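Here it is, the structure in full.
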Amino acid sequence: MTTARSKLICPDVTPYYHCVSRCVRRSYLCGQDKLTGKSFEHRRDWVEQKILSLATIFCIRICAYAVMSNHYHLVAFIDKEAAQALSREEIIERWAAEHTIPSIIQRYLDGQLTGQAEWECCLSLIETWRDRLCSLSWFMKELNYNIALQANKEDNCTGRFWEGRFKSQALLDEKALLAAMAYVDLNPVRAKLAETPEQSEHTSIKRRISKLEQEKSTASPLADFVGYQSQGDTYGIPFRLIDYIELVDWIGRQFRTDKAGRIQPTQPAILKRLSLPQQECVQLCRNLEQHARVWIGSSTHLIHAKSKLKRKRLLAIHIS
């Protein structure tokens with residue numbers, strides 16, 4: 001039986017989630033169809049740009065992403081505090097960026113409401129939008145719906161483009177978050193689509209490194225790395241960017257067993273800070289794909305999650 005999404009995504013337990021959506025038809029999401037020779041490579045940019053665009057509207061911070069040939073990965077942070085801090089006018093502005101707002105909301109903005117009933121209707125609608133703007137399910141729905149429309153139009157067909165639901169894994173602690181982000185950013189390298197992380201197109205690691213190389217700092221829709229001293233910061237990722245880049249490069253060397261070369265013996269500093277053994281980190285990245293587990297974290301965090309969800313057991317990957 002399919003588990004209700006509310007039992008899989010609970011921001012009160014953890015705001016971090018690894019999500020995957022897969023294409024259901026033989027025709028590719030991206031890349032090149034070997035049977036017909038037709039290229040769908042341009043669709044990668046559709047997905048990447050839509051992810052980044054929605055991240056500026058929703059209170060969903062993108063920690064990592066990778067767009068592959070027939071699926072994509074996201075590591076997302078649900079920022080409920082940011083959603084609660086938005087004014088009603090900001091809520092309307094954000095929602096209107098992707099949707100047509102009803103006339104009653106326009107009259108609310110123009111100060112032309114005629115009674116208490118209309119006022120209460122507007123407030124109820126705005127609060128509904130507030131909830132949706134910090135809903136990972138709504139974010140994924142908007143993303144997948146838009147891409148499906150474009151792909152169906154281009155393919156001149158109708159019907160399902162994606163699998164029924166996106167898959168999600170709850171990341172209960174920093175180790176799980178770190179492993180999931182590295183796994184996502186290394187997907188093109190593991191699939192032999194790129195030699196190095198900085199060469200992997202349509203990934204967050206590529207975008208972050210490119211931004212570092214720019215002479216002028218520009219705003220980014222990706223979540224910021226805020227360092228170890230700001231772990232209480234609800235807006236950012238509790239690591240240093242340079243440590244994370246070193247870790248991704250190191251893990252990539254462990255995965256690429258088909259390539260000759262000397263693996264540097266020094267482990268990244270971030271592993272020491274999190275007390276995460278080298279091989280455990282590599283194995284955890286592999287387990288994210290090999291085992292269908294939806295809760296990932298230490299025993300303490302898993303016990304807390306079961307208590308919050310009032311469940312006796314969870315499909316989980318345990319981290320020591």
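The values are calculated or read from the model by the stated rules, or taken from the named source; none is laboratory data. It should be emphasised that the depicted structure is a prediction, and the values quoted were computed from it without experimental measurement. For neighbour counting, all protein chains shown are included, and Cβ atoms are generated from backbone atoms with ideal geometry for every residue, glycine included.
Would it be correct to say that Val67 is under 14 Å from the mean Cα position of the chain (by Cα), of a type in the set (Val, Ile, Thr) and modelled with pLDDT under 95?
yes
Can you tell me which residue is modelled with the highest pLDDT among those in segment 160-189 that are surrounded by fewer than 18 Cβ atoms within 10 Å (Cβ to Cβ) and within 19 Å of Cys30 (Cβ to Cβ)?
Lys167
Please go through segment 23-52 and pick out each residue that is outside any loop (DSSP other than H, G, I, E, B) and modelled with pLDDT under 90.
Listed by number, the residues that qualify are Cys23, Gln32, Ser39, His42, Arg43, Arg44.
Separate question: Quick one: would you say Glu201 is assigned to a loop (DSSP other than H, G, I, E, B) and within 18 Å of the chain's Cα centre (by Cα)?
So Glu201 fits the description; yes.
For segment 121-139, does any single residue satisfy the condition of being of a type in the set (Asp, Glu), closer than 19 Å to Asp79 by Cα and touching a helix residue (DSSP H, G or I) at 6+ places or on another chain (Cβ under 7 Å)?
So far as segment 121-139 goes, no, none of its residues is of a type in the set (Asp, Glu), closer than 19 Å to Asp79 by Cα and touching a helix residue (DSSP H, G or I) at 6+ places or on another chain (Cβ under 7 Å).
List every residue pair whose Cβ atoms lie under 8 Å apart, where the two residues are 6 or more positions apart in sequence or sit on different chains, the first residue falls within segment 160-174 and is within 17 Å of Ile9 (Cα to Cα) and assigned by TED's automatic domain parsing to the domain that holds Ser21, and the second residue, located anywhere, is at pLDDT 90 or above and among the small types (Gly, Ala, Ser).
Cβ pairs passing all conditions: Phe166/Ser21; Lys167/Ser21; Gln169/Ala180; Leu171/Ala180.
Here is a further query. Tell me which residues, restricted to segment 134-176, are within 18 Å of the chain's Cα centre (by Cα) and under 17 Å from Gln49 (Cβ atoms).
If the condition is that a residue be within 18 Å of the chain's Cα centre (by Cα) and under 17 Å from Gln49 (Cβ atoms), then Phe139, Met140, Glu142, Leu143, Asn144, Tyr145, Asn146, Ile147 are the ones that fit.
Might you let me know whether segment 113-125 holds any residue that is charged (D, E, K, R), surrounded by fewer than 20 Cβ atoms within 10 Å (Cβ to Cβ), under 25 Å from Arg5 (Cβ atoms) and at pLDDT 90 or above?
There is no residue in segment 113-125 that is charged (D, E, K, R), surrounded by fewer than 20 Cβ atoms within 10 Å (Cβ to Cβ), under 25 Å from Arg5 (Cβ atoms) and at pLDDT 90 or above.
Let me ask another. Within the bounds of segment 196-205, is there any residue that is at pLDDT below 90, among the charged types (D, E, K, R), assigned by TED's automatic domain parsing to the domain that holds Val47 and within 14 Å of Tyr65 (Cα to Cα)?
Yes, the conditions are met somewhere in segment 196-205.
Which numbered condition trips up Ile147, out of (1) surrounded by fewer than 19 Cβ atoms within 10 Å (Cβ to Cβ); (2) among the hydrophobic types (A, V, I, L, M, F, W, C); (3) modelled with pLDDT under 95; (4) closer than 26 Å to Val20 by Cβ?
If we test Ile147 against (1) surrounded by fewer than 19 Cβ atoms within 10 Å (Cβ to Cβ); (2) among the hydrophobic types (A, V, I, L, M, F, W, C); (3) modelled with pLDDT under 95; (4) closer than 26 Å to Val20 by Cβ, just (1) comes out false.
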